[in-house]
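What follows is a set of notes on a single structure, which appears directly below.
The values are calculated or read from the model by the stated rules, or taken from the named source; none is laboratory data. Fair warning: this is a prediction, and the values are worked out from it, not measured in the lab. Ideal geometry is used to build each Cβ from the backbone, glycine not excepted, and the neighbour counts take in all protein chains shown. To get the accessible areas, we keep the full protein, side chains included, count just its heavy atoms, and leave off ligands, DNA and RNA. Shrake-Rupley method; radii C 1.70, N 1.55, O 1.52, S 1.80 Å.
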Amino acid sequence: MAKWVVVVSEEQYANERVYGAGGLTAPELAPGDEALLVAGGDEPVVFGLGRVDQDGRLQYTVNLLDSPLPAGGLAARTGRLDDANFLAVARQIEPPRPAPRRTYLVSVDMPIEAASPGEAVRAFWSYVRELGPAELPAFVWPAGDELAMQAYVLGAEANQDPEEE
């Protein structure tokens, strides 16, 4: 079982932050191999630890998408790592304790002018597809606590009040 650093593009990382699908692949890795998952870019971050499954996909063993760590020089070290270097980084990552599961309400609201409800729905889905998670804020709040509503874009909290910018 080999240890690796897998560096993904900023676009792939943004996609993971939004969808968290774990659909990352690395053809050079074999089933059972472990990897430090690093997002490249101006400020590289470690966003998880993963293990390659039988289908060649990287599955999270530790998911840090909500609280990534600075990657330092790891972004430049893509490829195989020796056990000592892998463990030096992996030991710094404390697996997040599972938060108690609760129900959240998620909403995407936008005013749409249309001649009929059906036309409004079709226009809504066109806008959602066109704008996508990079531009369209989703509003999230714990069920029963509407005052805690926050806007999120690309899986990160986003201020939507133009007076506070």
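Things worth noting here:
- In loop segments of the stretch 1-102 as defined by DSSP, the GluC sites (Glu not before Pro) with at most 16 further C-beta atoms inside 10 Å of their C-beta are 28.
- Of the GluC sites (Glu not before Pro) in the stretch 72-154, the ones in a loop by DSSP (not H, G, I, E or B) with at most 12 other beta carbons within 10 Å are 113.
- When the surface is traced with a 1.4 Å probe over the full set of protein chains, residue 64 keeps roughly 10 Å² accessible.
- Using the Cβ-Cβ distance between residue 42 and residue 92 with R0 = 30 Å, the FRET efficiency computed as 1/(1 + (r/R0)^6) comes to roughly 0.90.
- Its Cα centre serving as origin, the stretch 121-165 has a Cβ charge dipole (Lys and Arg +1, Asp and Glu -1) of approximately 440 debye.
- Calculated FRET efficiency for the pair residue 119/residue 146, C-beta based, R₀ 35 Å, to 0.05: 0.75
- Taken about its Cα centre, the chain carries a charge dipole of roughly 860 debye when the Cβ of each Lys and Arg holds +1 and the Cβ of each Asp and Glu holds -1.
- Beta bridges by DSSP in the stretch 1-120, antiparallel share as percent, to the nearest 5: 75
- Mean residue ellipticity, 222 nm, helices only, the chain: the sum of -39500 (n - 2.57) across DSSP H runs of n ≥ 4, divided by residue count and rounded to 500, is -7000 deg cm²/dmol.
- Computed magnitude of the charge dipole of the stretch 1-80 (debye, nearest 20; Cβ of K, R +1, Cβ of D, E -1): 240
- At 0.692 mPa s and 37 °C, Stokes D of the stretch 7-133 from Kirkwood alpha-carbon radius, µm² per second: 192
- When 110, 1 are compared by accessible area of protein heavy atoms, the largest-first order is 1, 110, using a 1.4 Å probe.
- Heavy atoms of residue 61 accessible to a 1.4 Å probe, total area in Å² rounded to 10: 70
- Selection from 150, 112, 98 lying farthest towards where the dipole of the stretch 77-165 points positive, charges on Cβ: 98
- Loop-located trypsin sites (Lys or Arg not before Pro) in the stretch 26-107 (DSSP state other than H, G, I, E, B) with a sparse environment of at most 13 neighbouring Cβ atoms within 10 Å: 91, 101, 102.
- Stretch gain in nm, segment residue 103-residue 19, where the contour uses 0.36 nm per residue and the Cα spacing is subtracted: 28.4 nm
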